[in-house]
Amino acid sequence: MHVEMYERFLKETFDLRVERQKEGFIESGVLIDRSSGASAPVRNYIPRFCDEGYCESFGVQWYKFRSLQIDSKSGRGESHDRLVRNTRWDLGTMAGKAVLECGCGPGRFTEHFLSSGAFVVAVDMSRAVDVNLENNTKMRRNLLLIQQDISRMPFLYGKFDFVFCYGVLQHTPDPRKTYYDLTKHVRRGGRISVDIYRKMILPTGWTSPKYFWRPMTRKISKERLLRIVSWYIPKYIDVDSIVRRIPKLGIYMTGLIPIPCWNYLDRGYSRTERIQHAIMDTFDALSPEHDHPAKIQEVKRWLVEHSELTDVEVFYGSNGIVANARKE
């Protein structure tokens, strides 16, 4: 955390007691809430307001697959393309703007917000914030990483031109409430973009096997579950590929086979790359405490309920349902 980011986003609420500092970056210290007296440590440059809680699985996941989705390391541009295509935001106009990224994980989108020249506050409840720090380097003056539940950040209300939350809402206890909380962080005239898993009716390989197993797998030790997935995916992925390639019927047939396998045949991955992505995303599907998909009509109602939101658009996007809006 650089002292300038503390002054921009946290100083209004918290006093800062510095323990170790280097060239303006606060490596360790304590934030003290002026109104309540509650304190939060700063460790490894990151303010810590909570432990991992129900997000433990994501800490395990992103420590194991810390760079797999990072464009600057893969050279593929998949995260950039998803970001721009779904938000409709022009990254070239964001220099000097304030961006809140909720559920930032290892930083697949963080690096693009940083490159735009925006002031980026990236929040995650899990220890993935430490991986994000590694991927985006400690000496980023325009990056403030925070470990906190994204539904419990009143100290950031009304401070952001852009609020972004992809791949996260379905993993919170109450996605509708979480969305409402996120809108409070948007300044007047600012924009918000979120996505959430789509609730499917017909069986598919992305849904049916997952929800068949989740009542059991989410209770298994995360490390053990990762070992199980890492064992069977390399043995099964070729069979899954044969089934998926059956014209028109393949995706539905994989939904009737009770073996979860996130097998991306359409992304140009090598077999080795497909196995790594399949292990990561199959674990991602089976391990979280919460997984609450939504119907598009539900998401539209969320936005209609908030009269201060305009320029509303809700559509099927890269990872389910996307909801974009502007705050009046």
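The values are calculated or read from the model by the stated rules, or taken from the named source; none is laboratory data. On a predicted model such as this, the values are computed, not experimentally measured, just so you know. Quick reminder, even Gly has a Cβ in these numbers, built from the backbone with ideal geometry, and neighbours come from all protein chains shown.
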Legend entry - Within region 124-143, tally of residues that are in contact with a Leu (Cβ under 8 Å, 6 or more places away or on another chain), crowded, with 24+ Cβ neighbours inside 10 Å and hydrophobic (A, V, I, L, M, F, W, C): 2
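Is it the case that region 313-320 has a residue that's among the β-branched types (V, I, T) and touching a Pro at 6+ places or on another chain (Cβ under 9 Å)? Please lay out each step first, then the result.
Going residue by residue through region 313-320, those that are among the β-branched types (V, I, T) are 314.
Applying the additional criterion that residues be touching a Pro at 6+ places or on another chain (Cβ under 9 Å) yields none.
Within region 313-320, not a single residue is among the β-branched types (V, I, T) and touching a Pro at 6+ places or on another chain (Cβ under 9 Å).
Working only within region 281-302, note down all residues that are surrounded by fewer than 20 Cβ atoms within 10 Å (Cβ to Cβ) and of a type in the set (A, V, I, L, M, F, W, C).
Just the residues of region 281-302 that are surrounded by fewer than 20 Cβ atoms within 10 Å (Cβ to Cβ), to begin with: 289-293, 295-298, 300-301.
Residue satisfying the conditions is I296 alone.
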Legend entry - From the options G92, G77, residue that is over 22 Å from L182 (Cβ atoms) and without any contact (Cβ under 8 Å) to a residue 12 or more places away in the chain: G77
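Give me a count of the residues in region 182-196 that are of a type outside the set (S, T, Y), buried (at least 19 other Cβ atoms within 10 Å of the Cβ) and over 18 Å from Y316 (Cα atoms).
5
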Inset, instruction - Give the residues of region 100-146 that are closer than 18 Å to E7 by Cβ and basic (K, R), sorted by residue number. - result: R140, R141
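Please state which one of G37, G96, G77 is among the small types (G, A, S) and not assigned by TED's automatic domain parsing to the domain that holds G190. Quick ask: steps written out before the conclusion?
Working: G96 fails: not assigned by TED's automatic domain parsing to the domain that holds G190; G77 fails: not assigned by TED's automatic domain parsing to the domain that holds G190.
Exactly one residue qualifies, and that residue is G37.
Table: residues versus (1) in the same structural domain as V314 (by TED's automatic domain parsing); (2) aromatic (F, W, Y); (3) touching a residue at least 40 places away in the same chain (Cβ under 8 Å).
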site: N142; (1), (2), (3): yes, no, yes
site: I150; (1), (2), (3): yes, no, yes
site: L156; (1), (2), (3): yes, no, yes
site: F162; (1), (2), (3): yes, yes, yes
site: G167; (1), (2), (3): yes, no, yes
site: T172; (1), (2), (3): yes, no, yes
site: T178; (1), (2), (3): yes, no, no
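Quick check on my filter: what residues within region 235-263 are β-branched (V, I, T) and at pLDDT 95 or above?
First, pick out the residues of region 235-263 that are β-branched (V, I, T): 237, 239, 242-243, 246, 251, 254, 257, 259.
Those that are β-branched (V, I, T) and at pLDDT 95 or above: I237, V239, I242, V243, I246, T254, I257, I259.
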Inset, instruction - From the list L145, L133, pick out the single residue that is touching a strand residue (DSSP E or B) at 6+ places or on another chain (Cβ under 8 Å) and in a helix (DSSP H, G or I). - result: L133
Legend entry - Residues (assigned to a helix (DSSP H, G or I), of a type outside the set (K, R) and farther than 19 Å from G320 by Cα) located in region 198-230: F212, W213, P215, M216, T217, E223, L225, L226, I228, V229, S230
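Residues in region 301-315: is at least one polar (S, T, N, Q), assigned by TED's automatic domain parsing to the domain that holds G105 and either on the phi < 0 side of the Ramachandran plot or within 21 Å of the chain's Cα centre (by Cα) (or both)? If you could, list the steps in order and put the result at the bottom.
Within region 301-315, the subset polar (S, T, N, Q) is 307, 310.
Subset that is assigned by TED's automatic domain parsing to the domain that holds G105: 307, 310.
Narrowing the set further to residues that are either on the phi < 0 side of the Ramachandran plot or within 21 Å of the chain's Cα centre (by Cα) (or both) leaves 307, 310.
Looking for residues that are polar (S, T, N, Q), assigned by TED's automatic domain parsing to the domain that holds G105 and either on the phi < 0 side of the Ramachandran plot or within 21 Å of the chain's Cα centre (by Cα) (or both), one finds at least one in region 301-315, hence yes.
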Inset, instruction - Count, please, the residues in region 160-181 that happen to be surrounded by fewer than 21 Cβ atoms within 10 Å (Cβ to Cβ) and assigned to a helix (DSSP H, G or I). - result: 4
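Suppose the filter is closer than 24 Å to S318 by Cβ and surrounded by fewer than 22 Cβ atoms within 10 Å (Cβ to Cβ); does Y157 pass it? Working first, answer last.
Details: closer than 24 Å to S318 by Cβ: no; surrounded by fewer than 22 Cβ atoms within 10 Å (Cβ to Cβ): yes.
For Y157, the condition - closer than 24 Å to S318 by Cβ and surrounded by fewer than 22 Cβ atoms within 10 Å (Cβ to Cβ) - is not met.
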